[in-house]
1. Of the conditions (1) more than 13 Å from the chain's Cα centre (by Cα); (2) under 16 Å from residue 38 (Cβ atoms); (3) surrounded by 14 or more Cβ atoms within 10 Å (Cβ to Cβ); (4) not hydroxyl-bearing (Ser, Thr, Tyr), residue 130 clears all except one; give me its number.
2. Which of the following residues is closer than 21 Å to residue 6 by Cα and either assigned to a strand (DSSP E or B) or without any contact (Cβ under 8 Å) to a residue 40 or more places away in the chain (or both): 107, 36?
3. So in the range 110-140, with the set limited to residues that are touching a residue at least 40 places away in the same chain (Cβ under 8 Å) and outside any loop (DSSP other than H, G, I, E, B), which one is nearest to residue 31 (Cα to Cα)?
4. Identify, by number, the condition in (1) of a type in the set (A, V, I, L, M, F, W, C); (2) assigned to a helix (DSSP H, G or I); (3) open to solvent by less than 60 Å² (accessible area, probe 1.4 Å); (4) over 15 Å from residue 134 (Cβ atoms) that residue 61 doesn't meet.
5. Among the residues of the range 64-82 satisfying the criterion of being open to solvent by 70 Å² or more (accessible area, probe 1.4 Å) and among the polar types (S, T, N, Q), which is modelled with the lowest pLDDT?
6. Which condition number in (1) within 30 Å of residue 21 (Cβ to Cβ); (2) among the aliphatic types (A, V, I, L, M); (3) at pLDDT 90 or above is the one that residue 118 fails?
7. When the residues of the range 87-104 are filtered to those that are of a type in the set (Gly, Ala, Ser) and in a strand (DSSP E or B), which remaining residue is most open to solvent (accessible area, probe 1.4 Å)?
8. Return only the number of the condition from (1) of a type in the set (Ser, Thr, Tyr); (2) in a loop (DSSP other than H, G, I, E, B); (3) closer than 11 Å to residue 84 by Cβ that residue 9 does not satisfy.
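The values are calculated or read from the model by the stated rules, or taken from the named source; none is laboratory data. What you are looking at is a predicted structure, and each value in this text was computed from that prediction instead of being measured. Using ideal geometry, Cβ is built from the backbone for each residue, glycine included, and neighbour counts are taken over all protein chains shown. Protein only, heavy atoms only, side chains kept; ligands, DNA and RNA dropped before computing areas. Shrake-Rupley method; radii C 1.70, N 1.55, O 1.52, S 1.80 Å.
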Amino acid sequence: NYAGINTTTAASATWPVILAFRSKIAQDNALGKRMTWLTSSAGATTLMGRVKETGNAIYLLGDDGRMAGYPVLETNSFATDRLILGDFSQMIVGTWGGLEIEVDNLTGMATDSVSVYVKSYSDVAIRHIEAFCKDSAVIS
């Protein structure tokens with residue numbers, strides 16, 4: 001949740017709504033070379049079944065994994081109805097404290113198992129906030 005990020009408002013994903021994402025970023029002169037869509041697997045499935053125009057068998061998310069000319073990536077770390085378009089090269093990931101590795105050979109002693117825990121501390125910042133557009137309830 002960053003202040004100033006572009007947003008669209010729509011009840012469901014339609015071709016004009018998809019184009020509105022791109023339009024918001026273009027209005028801010030922030031279209032980058034690495035524009036990418038990000039959604040959940042359920043969202044991607046919905047977009048694969050949603051036609052661009054009634055009577056045409058052309059879908060919002062094509063067989064080539066692209067929508068409006070940009071690649072679509074899916075992750076289940078996302079809310080089902082969320083959709084974001086952005087130039088993810090404008091995100092900065094900062095890490096500190098290195099990598100912490102802990103081995104626990106006592107908890108699973110009865111079953112001869114060992115647990116290994118790896119911890120990393122990081123945060124994300126956006127360099128150019130205008131390079132992103134989101135809507136948290138567009139895929140329905």
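1. (2)
2. Numbers: 107 fails: closer than 21 Å to residue 6 by Cα.
Selected residue: 36, the only one of 107, 36 that is closer than 21 Å to residue 6 by Cα and either assigned to a strand (DSSP E or B) or without any contact (Cβ under 8 Å) to a residue 40 or more places away in the chain (or both).
3. We begin by selecting, within the range 110-140, every residue touching a residue at least 40 places away in the same chain (Cβ under 8 Å); these are 126, 128-140.
Okay, now just the ones that are also outside any loop (DSSP other than H, G, I, E, B), so 126, 129-135.
Working: 126: 15, 129: 11, 130: 9, 131: 6, 132: 9, 133: 11, 134: 14, 135: 18 Å.
This residue is 131.
4. Of everything listed in (1) of a type in the set (A, V, I, L, M, F, W, C); (2) assigned to a helix (DSSP H, G or I); (3) open to solvent by less than 60 Å² (accessible area, probe 1.4 Å); (4) over 15 Å from residue 134 (Cβ atoms), residue 61 misses just condition (2).
5. Here is the first cut: in the range 64-82, the residues open to solvent by 70 Å² or more (accessible area, probe 1.4 Å) are 64, 66, 73-74, 76-77, 80.
If we keep only those that are among the polar types (S, T, N, Q) as well, we get 76-77, 80.
Values: 76: 91, 77: 89, 80: 74.
Checking each candidate, the answer is 80.
6. For residue 118, the exception is condition (1).
7. The first filter runs over the range 87-104 and keeps only residues of a type in the set (Gly, Ala, Ser), leaving 89, 94, 97-98.
Then drop every residue that is not in a strand (DSSP E or B), which leaves 94, 97-98.
On the way: 94: 31, 97: 75, 98: 51 Å².
Within the range 87-104, the match that is most open to solvent (accessible area, probe 1.4 Å) is 97.
8. Status for residue 9: all satisfied but (3).
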